[in-house]
Amino acid sequence: MEQTTKPNNKGTGCLAATMIGGVLFVIFLILGIWMWISYNRLISAEQDVKEKWAQVENGYQRRLDLIKNLANTVDRYAKHENQTLVEVQEARSKATAVTIKTDKVDENTMQQFQQQQNGLSSTLSRLMMVSENYPNLKADALYVKLMSDLKETEQIIFGARETFNEAAKKYNKRRLSFPTNLVGNMFGFVKEYNVWERDIENFTPKKGSDTAPELFTEESDKK
């Protein structure tokens, strides 16, 4: 009787398993590289947002410091205007108390921050009206310098907010796009940073809690 040779199924199975394993390895390698690149891009974009927000905070802090010096200067000439000065100091204190951590620049905290800044702007406008009654104050070199610095600070704040908006929009676009959003969800990245919008062409803040505080203009100085 002739003996039939059986095919070596064991060798074929090992080869197939090796090929499948190799394919899976390549797939997981590509997936891992993609996740690593997506993660690093999100990290870079988010870090840029935080750095730009720090510049916004620096602008507001400079504003607070100038307002303190301005109130002290006005106090030397208008001590009996105590109520207005107290209101300015109280508004400044409230604005100082509200801060936003760079890892939580969201809509609610930004709105609260902005409301306090707007309240400070309102009391500051009344302080400007008081100063109109004191010609000697308006001629004071320190007062003139402070007013100039405040106007410059307004421009700094708006400029810093514009760069923050650009960074936030870039991050939001990357974070919300598919499939990068899968990596964002997996590693707990902020879903979206709130962006303050304004009328860039006319450089006029829009009404609402999400707009920048209006500091001083030539028109407000004449009131």
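Pairs linking a residue in region 133-160 that is farther than 17 Å from A78 by Cα to a residue that is part of a helix (DSSP H, G or I) and open to solvent by less than 80 Å² (accessible area, probe 1.4 Å), with Cβ atoms under 6 Å and 6 or more positions apart or on different chains, are D149/L66; L150/L66; T153/R62; T153/R63; I156/G59; I157/G59; A160/V56; A160/G59.
For region 69-92, enumerate the residues that are in a helix (DSSP H, G or I) and surrounded by fewer than 14 Cβ atoms within 10 Å (Cβ to Cβ).
So in region 69-92, the residues in a helix (DSSP H, G or I) come out as 69-77, 82-92.
Matches in region 69-92: N72, R76, N82, Q83, V86, E90.
Check whether at least one residue in region 188-197 is assigned to a helix (DSSP H, G or I) and open to solvent by 50 Å² or more (accessible area, probe 1.4 Å), and report yes or no.
Keep residues of region 188-197 that are assigned to a helix (DSSP H, G or I), which gives none.
Checked region 188-197: no residue is assigned to a helix (DSSP H, G or I) and open to solvent by 50 Å² or more (accessible area, probe 1.4 Å).
Just one residue in the set R41, R62 is under 19 Å from the mean Cα position of the chain (by Cα), in contact (Cβ under 8 Å) with a residue 60 or more places away in the chain and surrounded by fewer than 16 Cβ atoms within 10 Å (Cβ to Cβ); that residue is R41. Is at least one residue of region 176-187 assigned to a helix (DSSP H, G or I), at pLDDT 90 or above and under 17 Å from D48 (Cα atoms)? For region 176-187, residues assigned to a helix (DSSP H, G or I), at pLDDT 90 or above and under 17 Å from D48 (Cα atoms): present.
Restricting attention to region 123-182, which residues are among the aliphatic types (A, V, I, L, M), loosely packed, with under 14 Cβ neighbours inside 10 Å and in contact with an Asp or Glu (Cβ under 9 Å, 6 or more places away or on another chain)? So that I can check it myself, show each step before the final result.
Taking region 123-182 first, the residues among the aliphatic types (A, V, I, L, M) are 124, 127-130, 137, 139, 141-142, 144, 146-147, 150, 156-157, 160, 167-168, 176, 182.
With the extra rule that they be loosely packed, with under 14 Cβ neighbours inside 10 Å, the set shrinks to 129, 139, 141-142, 144, 176, 182.
Selection gives L176 alone.
The values are calculated or read from the model by the stated rules, or taken from the named source; none is laboratory data. Please read all numbers here as calculations on a predicted model, not as lab measurements. Neighbour counts run over all protein chains shown; Cβ positions are idealised from the backbone, glycine included. Side chains included, ligands, DNA and RNA excluded: accessible areas come from the protein's heavy atoms. Shrake-Rupley method; radii C 1.70, N 1.55, O 1.52, S 1.80 Å.
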